[in-house]
Each structure stands twice: as structure tokens, then as C-alpha cells.
Amino acid sequence: MHDRQHQYVERHTGQLCTELLCSDGFIHFLYSESLRENAAWLFRMVTSYRLSSQLLALLSFDLPFGAQQFGIVRFLQSRGIDLHECVDPDISRKTARAIFERQIRYWECRPMPQTPATVVAPADARLVLGSLQPQSHLFIKGKFFAYEELLGAHQQRWLQAFAGGDVAICRLTPEKYHYTHCPVSGVVRDIYDLPGSYHSCHPAATVALATPLSKNRRVVTIIDTDVAYGTGVGLVAMVEVVALMVGNITQCYSEVKYKQPQQILPGMFLKIGQPKSVFRPGSSTVVLLFQAGRVQFAEDLLHNQTGPGLSVFSQGFHMPLVETEVRVRSYIATQSRLTS
């Protein structure tokens, strides 16, 4: 895996880019078969809550010496974060955590389509699409996650609802804006936490571990869009997955900008494009599940996925899986013509 490049398509330019993978050597060492088999105790410790979420995050993001020593500030600076987007004009003078958890003027710099029955990206992320239907050319069951684990084996109602459905996997790299936004409008039918580890969302770790997205701690929100003023694409499961050095997913829905954040509860109406939660801190992933036949993915995203890029996912899972970099609140799917 050391010699493998990981490329993605930049959506707004169509250019094929090579990702600068954060802590690449460390991740390859941590997820090597030899370490996991011969020093399983060390592997478990590094991916545990106490070390991954608390100690590593403290050293890397909160302490000035640690942030410099671990290269977090240098890495963030090298990735070209546009600090002019930030609500706080002095953000660059603050800690690595403050930069990571920054708020942006999304209402100006992340425009949202006004087309009805549209699903938008829940984050600034690198995205791949999939299906849980065996006959689909996008079939990914068992690749990125174990389906029953992802939603929780005890959640039979939701497992049945999304069986054979479609999937969008949004991977947030460390330099990204780490607020998630509502991908649809609708009523919250359920929200629950599932315990788990704190594995990296690095592509090499995903391929090596197989199904880490359903092994990590995660928050599942079920949104019913077939309601008044809803998006009209059926039930949508938004699964927010923690990762190495990400200890918390704080629910903080705001109907206007970032004002008066609220804890999300069943029965609440969520408006498409509004802030929903924030990851604290590191890299992380959002998985969207749609019911079978309810959405139609954007053509450019489908085209990019089967393109010529050198993807760790394509090589590891032996199918074309080239990610597209998308911006939060941008169009990723629409209501299927079969249900419109």
C-alpha cells in the first residue's frame, strides 16, 4: 500500500488530484497485519477512546507544542484552508482545534440549489456512491461497512427500511470544514448512538480493516422526508462516524446561520442545508442511506467514480471507486423519476 497513490476528482474543475494523505506512514504501520496480529494490545489501545479521542487529540489540537510537534498546524496550513470564509476573522491566531472546528459563512460561500426534491452534500468531503442491491454496478455491501452493524443489529425497523437501498459515503479529511449540514428537509423519526472504536478513516485503514465505518462509534439520525415541506425522497439515514482523534459528535442544529443551536430530538423538523452537528476534531465520515428506488444520483458523480484515477479504494476493493470532492450543500441526488 505504500506505493499506492490516492486520487480524486475536484468537482468544480473536473481535475484529477492526488491527495496528500495525513500521517500516511503511521497509518500503514498501525493497520499492518503484523502489528494487528502480533501486537493486538497496542492496536486496541491506539484506537480506544482514552488514547485516540482524549490524549492524541489533546496533544495534536489543543497544546501549542504538541500541535507543532505532530505537524497538525503545518499540515492544515499546507492544505490551503481559505480562512477568509470564516465567521471569526482572527481564527488563524488560535489553536489547531479552533481552526478545525471553525464556522464559515456558508450562506455566502456554500450556495445551495433551490430545486425541489434535491439531496445535498452533508459536508465538505470526498464522496463515493454505492448500492446495497447485488445486481447494481454500484454494489458495495461488505466493502466499507457491515450493513447490520452500521445501523445496529437491534434496529430491525430501520434495517428493513433501508434494505437494498442506495448509499453515499462522505469522507472528511482533517483540513475540511467539520460541521455537517442537513442533506434533506424532514422530520426526525429517531436518533441514537452506537458504541465502537476510533479507527482512522484514512483510505488505507478502510481497505485494511474492512468495514471500519460500522465498527467505530457513530450517531444515527433517521429523517422522514415524506412530510409537509419535506424533500420527498422517503426515509434517509444520516450516520455520523467518529475516527482517530475524533471523540465527539456534538448535535447543534441551527435554523438560522449558527444561532441558537439545539440538541436534535425525535419530532423536530430539520431544514435542508442548515448546520446539524460538528465533529471534534480529526477526520471523520458521514454515511447517507436511502431507501431503494427513492433517489437518483448526480450524473457527474457517477461518471467520476468510474474514471481513470488511481484510488486506494479501487485497488483495495477491486472495483472503480474514485472519489469526487464535493462542497457542503451542493447537489448530489434528486428524487427518483420512478417516485416523482
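The values are calculated or read from the model by the stated rules, or taken from the named source; none is laboratory data. Predicted model only: the values in this text are computed from it and were never measured. Neighbour counts are summed over all protein chains in view; Cβ atoms, including those assigned to glycine, are modelled from backbone coordinates with ideal geometry. Please note that ligands, DNA and RNA were not included when accessible areas were found on the heavy atoms of the full protein model with its side chains. Shrake-Rupley method; radii C 1.70, N 1.55, O 1.52, S 1.80 Å.
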Practice problem: Examine the range 325-332 for a residue that is surrounded by 22 or more Cβ atoms within 10 Å (Cβ to Cβ) and either out of contact with any Phe, Trp or Tyr (no Cβ under 9 Å at 6 or more places or on another chain) or free of Cβ contacts under 8 Å to residues at least 40 places away in the same chain (or both), and state whether such a residue exists. | Solution: yes
Quiz item: If you check every pair at least six apart or on different chains, which have Cβ atoms under 9 Å apart with a residue in the range 119-147 that is without any contact (Cβ under 8 Å) to a residue 24 or more places away in the chain first and a residue that is open to solvent by 10 Å² or more (accessible area, probe 1.4 Å) and assigned to a strand (DSSP E or B) second?
Solution: Ser136/Asp166
Quiz prompt | Enumeration of residues in the range 127-173 that are surrounded by fewer than 24 Cβ atoms within 10 Å (Cβ to Cβ), touching a Phe, Trp or Tyr at 6+ places or on another chain (Cβ under 6 Å) and modelled with pLDDT of 95 or more | solution = Leu129, Ser131, Gly165
Practice problem: Collect the residues in the range 227-257 that are modelled with pLDDT of 95 or more, touching a Gly at 6+ places or on another chain (Cβ under 8 Å) and either farther than 27 Å from Pro116 by Cβ or of a type in the set (Val, Ile, Thr) (or both), keeping them in residue-number order. | Solution: Val227, Thr231, Val236
Quiz item: If we keep just the residues of the range 273-293 that are surrounded by fewer than 22 Cβ atoms within 10 Å (Cβ to Cβ) and outside any strand (DSSP E or B), which is farthest from the chain's Cα centre (by Cα)?
Solution: Gly293
Quiz prompt | Candidates Val322, Val236, Val242, Val278 - the one that is of a type in the set (Val, Ile, Thr), in contact (Cβ under 8 Å) with a residue 60 or more places away in the chain and closer than 27 Å to Gly14 by Cα | solution = Val322
Quiz item: Just wondering, is there one or more residues in the range 147-166 that are within 13 Å of the chain's Cα centre (by Cα) and over 22 Å from Gly273 (Cβ atoms)?
Solution: no
Quiz item: Between a first residue in the range 100-112 that is closer than 19 Å to Ile249 by Cβ and a second residue that is surrounded by fewer than 19 Cβ atoms within 10 Å (Cβ to Cβ) and aromatic (Phe, Trp, Tyr), which pairs have beta carbons less than 7 Å apart while being 6 or more apart in sequence or on different chains?
Solution: Gln103/Tyr258
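Kindly establish whether Val119 is at pLDDT 95 or above, assigned to a loop (DSSP other than H, G, I, E, B) and closer than 30 Å to Thr334 by Cβ.
So Val119 does not fit the description; no.
Are any of the residues in the range 246-264 among the aliphatic types (A, V, I, L, M), touching a residue at least 40 places away in the same chain (Cβ under 8 Å) and open to solvent by 20 Å² or more (accessible area, probe 1.4 Å)? Quick ask: steps written out before the conclusion?
First, pick out the residues of the range 246-264 that are among the aliphatic types (A, V, I, L, M): 246, 249, 256, 264.
Now drop any that are not touching a residue at least 40 places away in the same chain (Cβ under 8 Å), which leaves 246, 264.
Then drop every residue that is not open to solvent by 20 Å² or more (accessible area, probe 1.4 Å), which leaves none.
No; the residues of the range 246-264 include none that is among the aliphatic types (A, V, I, L, M), touching a residue at least 40 places away in the same chain (Cβ under 8 Å) and open to solvent by 20 Å² or more (accessible area, probe 1.4 Å).
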